[in-house]
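All remarks here apply to the structure that follows.
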Amino acid sequence: MKNSSDLTVITKAKDLCAYIMTVTEKSPKRFRFTFVTRMQNLALDVIEYLYRANDLRVGKGRAGESEQRLEFQRKAMTNLRLLGYFAMLATEQKCILPKQFERISFLSTECMNLLGAWMNSDKKRLKLLASPTA
């Protein structure tokens, strides 16, 4: 379910997750408890971390929330990297097709770029709030 008020990175993460669910559904059964489950869980966790990060506010007097938000963003970034690695392994083991791996790589890179921009935006906002003129 796509929500028009979601951040772009969340929308893209949902697209990635939906694609992974579709692709892995057709994977050979012998990979169900290795690559399939891992990739599905990583994709779901990315969405969870992004929502959790988005629910926390960055601002003056919210240092704890800002740190927690950054932690959720970092976890999402790590899971996106892991997802790319597991997708590569899954391709090598013939669990998913090379074209499917390319699509997963494209979508996860898109998410990582958007997430990185979001993290940088938060850092800039925190620096502005911390400056004496703010």
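The values are calculated or read from the model by the stated rules, or taken from the named source; none is laboratory data. All values derive from a computational prediction rather than experimental measurement. Quick reminder, even Gly has a Cβ in these numbers, built from the backbone with ideal geometry, and neighbours come from all protein chains shown. Ligands, DNA and RNA are excluded from the accessible area calculation, which covers all protein heavy atoms including side chains. Shrake-Rupley method; radii C 1.70, N 1.55, O 1.52, S 1.80 Å.
Laid out as a table, the results:
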{"item": "Pair list, Cβ < 6 Å and 6+ apart or interchain, from the range 36-49 residues that are at negative phi and in contact (Cβ under 8 Å) with a residue 12 or more places away in the chain to residues that are in a helix (DSSP H, G or I) and open to solvent by 50 Å² or more (accessible area, probe 1.4 Å)", "result": "Leu42/Leu82; Tyr49/Lys75"}
{"item": "Check on Asp15, under 17 Å from the mean Cα position of the chain (by Cα), modelled with pLDDT under 95 and not hydroxyl-bearing (Ser, Thr, Tyr)", "result": "no"}
{"item": "Single match in Leu56, Leu115, Leu82, Leu44 (criterion: within 21 Å of Lys12 (Cα to Cα) and at pLDDT below 95)", "result": "Leu56"}
{"item": "Single match in Ala90, Ala63 (criterion: more than 19 Å from Thr8 (Cα to Cα) and without any contact (Cβ under 8 Å) to a residue 40 or more places away in the chain)", "result": "Ala63"}
{"item": "Set Thr34, Thr24, Thr133, Thr109: member being hydroxyl-bearing (Ser, Thr, Tyr), modelled with pLDDT of 95 or more and more than 16 Å from Leu7 (Cβ to Cβ)", "result": "Thr109"}
{"item": "When residues of the range 104-127 are limited to those that are open to solvent by 60 Å² or more (accessible area, probe 1.4 Å) and farther than 17 Å from Arg81 by Cβ, the one nearest to the chain's Cα centre (by Cα)", "result": "Asn120"}
{"item": "Residues that are of a type in the set (Phe, Trp, Tyr) and without any contact (Cβ under 8 Å) to a residue 24 or more places away in the chain, drawn from the range 69-87", "result": "Phe72, Tyr85"}
{"item": "Yes/no for Asn79 being of a type outside the set (D, E, K, R) and farther than 16 Å from Cys17 by Cα", "result": "no"}
